[in-house]
1. Looking at segment B:261-281, which of its residues are under 22 Å from B:Glu81 (Cβ atoms) and among the aliphatic types (A, V, I, L, M)?
2. Look through B:Thr27, B:Thr13, B:Thr64, B:Thr21 and report the one residue that is touching a Lys or Arg at 6+ places or on another chain (Cβ under 8 Å) and hydroxyl-bearing (Ser, Thr, Tyr).
3. Among the residues of segment A:245-252, are any away from chain B (no Cβ under 12 Å) and of a type in the set (Gly, Ala, Ser)?
4. Can you tell me which residue within segment B:81-96, out of those that are within 16 Å of A:Ile235 (Cα to Cα) and not small (Gly, Ala, Ser), is nearest to the other protein chains (Cβ to nearest Cβ)?
5. Scan (1) under 21 Å from B:Phe216 (Cβ atoms); (2) at the interface with chain B (Cβ under 7 Å from one of its Cβ atoms); (3) more than 20 Å from the chain's Cα centre (by Cα) for the single condition A:Gly220 breaks and write down its number.
6. Right, A:Gly232: facing chain B (nearest Cβ under 9 Å) and in contact (Cβ under 8 Å) with a residue 60 or more places away in the chain or not?
7. Which residue, of B:Leu163, B:Leu225, B:Leu209, is buried (at least 21 other Cβ atoms within 10 Å of the Cβ) and under 27 Å from B:Arg115 (Cβ atoms)?
Protein chains: 2
Amino acid sequence: MPASYAYLGPEGTFTEVALRTLPEAATRELIPYVSVQSALDAVRAGEAEAAFVPIENSVEGGITTTLDELVAGAPLTIYREVLLSITFALLVRPGTELTDIKTVSAHPAAQPQVRNWLRTHLPDATWESAASNADAARLVQEGRYDAAFAGEFAAARYGLRALETGIHDAENAQTRFVLVGRPSRPAAPTGADKTSVVLWQRDDHPGALRDLLGEFASRGINLMLLQSRPTGAGIGNYCFCIDAEGHISDRRMAEALRGLKRICLQVRFLGSYPRADITPAEARPTLPGTSDEEFTAAADWVARCQDGRF
Amino acid sequence: MPASYAYLGPEGTFTEVALRTLPEAATRELIPYVSVQSALDAVRAGEAEAAFVPIENSVEGGITTTLDELVAGAPLTIYREVLLSITFALLVRPGTELTDIKTVSAHPAAQPQVRNWLRTHLPDATWESAASNADAARLVQEGRYDAAFAGEFAAARYGLRALETGIHDAENAQTRFVLVGRPSRPAAPTGADKTSVVLWQRDDHPGALRDLLGEFASRGINLMLLQSRPTGAGIGNYCFCIDAEGHISDRRMAEALRGLKRICLQVRFLGSYPRADITPAEARPTLPGTSDEEFTAAADWVARCQDGRF
């Protein structure tokens, strides 16, 4: 298997910074791709061992390009997640002052994060969207725009200066990234894990979604993300991308997934992997009646009843 | 009240075409705004009677800019919805043939809808994003790009020719638009209505979302849209935009909303309005036990019991 990771490029963006926080990234060649689709296709085609892409962000919610790529096509598995706090720097050519700035540029996803700052500090500046924040920095270097919003780390690469740092409209602005590979056995549970699945309803009737969620709820499993995505069959036809607390090797999660497999039209397992937001010591205790031991004891009891030994 | 409707501009886009299908639009001045936010702010400020904006699309799902604007700020109400089938024409300057096309442009939302067509017919063309499909057509007129994807209706306005029409990757590609005004009494039910609300959970525990959906399910109410949106309090913190079948003057819907008001941290009512996808004659019958008459008879029975007359 090639010892390389594909990632959403170009170089010098938050995605690369997040990827480099993974210890295993140090021993791989890191190859930027122009889109989420091309990075995941590189994995599907066996050109890369894994791909690293953004999947959720605290301002925009689920990143639909990534979710749609994981929902369709050859199955892939999430092995790791990384959380990165996102704050922007305003990068300019040396010598530029705030009063010189007529045009600012960044990736469109940055706009909701810097809107209030712009309104206060540069109310008359014109916004120009760029293919990425790094690309915006490059266009500032080339003199096309006056300033770019990007990570402070991008300044050095493009010979720019950070006129302002720590720009973010929302407190706790974070992006979640995932490392995605071809399907194989999930890593062992750590005690603070997450399981991702995609669910397609069998039919549409009152209570259909409530019943799907009941498969998790009745086993004491908390949900962390529920994002509906169009199935392509027209308005109102959705599948559901769900992140749930726990690991597929937990008895309660395995039983919930078996229940979903029975009642859904289709279930796609996207992986069980360690949570980046808490350590195992911080994980909340399982609800009464939902531990592995209690599932085992309950199964034993039913077996004894079936056997006439109650 | 000013007799004008604000809409997401510029002129000559699908939004304007959809707006003109409403009979009431004929008697109003229709004013294009540069963004969903500015169109809705015009309503909030009393500069326009109502605003017309896209809210859901069969390829991209809920339109997050619009949902986020309705979730926050001064309350607004949805009065009407319009469904429009979306197919693109490839617009070029007279004399341009398919083999001459090196650059194509459109709004980024058009890209997933024309991707397969491009791969087959113009695999080497470069994509250039524009602020709107109409703007892309204008840039073709000015000679900056070779071709634009836009509605066929935009050709005449920009002196262009439709080289190809009926382009759409997904069958049943539709966009849903809503007419939004300041809060007032909803129109009377038609027999095929929809109610939109935003729900904020009181706390996060296993089953929390299942219990919210149970308020609808236990009254036989079908859901048509569930879109999670970040609350801004960090990754994993979501509120839920929900469209449900029925009208707030239906007994079952009023009772479901009362239940949600009790158990949610916050509920925002976004309106009850006629469905655009079906006529009242096509509406599905209510489930047994959920008609207005049955709700009334059940309330009478409990009152009699409380009164000792059972």
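1. Step one: of segment B:261-281, the residues under 22 Å from B:Glu81 (Cβ atoms) are B:267-281.
Of everything in segment B:261-281, those that are under 22 Å from B:Glu81 (Cβ atoms) and among the aliphatic types (A, V, I, L, M) turn out to be B:Val267, B:Leu270, B:Ala276, B:Ile278, B:Ala281.
2. Selected residue: B:Thr64, the only one of B:Thr27, B:Thr13, B:Thr64, B:Thr21 that is touching a Lys or Arg at 6+ places or on another chain (Cβ under 8 Å) and hydroxyl-bearing (Ser, Thr, Tyr).
3. yes
4. B:Leu83
5. The one condition A:Gly220 does not meet is (1).
6. No: the conditions fail for A:Gly232.
7. B:Leu225
Okay, residues lined up against (1) in contact with a helix residue (DSSP H, G or I) (Cβ under 8 Å, 6 or more places away or on another chain); (2) at pLDDT 95 or above; (3) crowded, with 23+ Cβ neighbours inside 10 Å; (4) closer than 29 Å to A:Glu171 by Cα:
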position	(1), (2), (3), (4)
B:Arg202	yes, no, no, yes
B:Gly214	yes, yes, no, no
B:Ile221	yes, yes, yes, no
B:Ala233	no, no, no, yes
B:Asn237	no, no, no, yes
B:Phe240	yes, yes, no, yes
B:Asp243	no, yes, yes, no
B:Ala254	no, yes, no, no
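The values are calculated or read from the model by the stated rules, or taken from the named source; none is laboratory data. Here the structure is a predicted model, which means the values were calculated and not measured. Note that we place each Cβ from the backbone using ideal geometry, even for glycine, and neighbour counts take in every protein chain shown.
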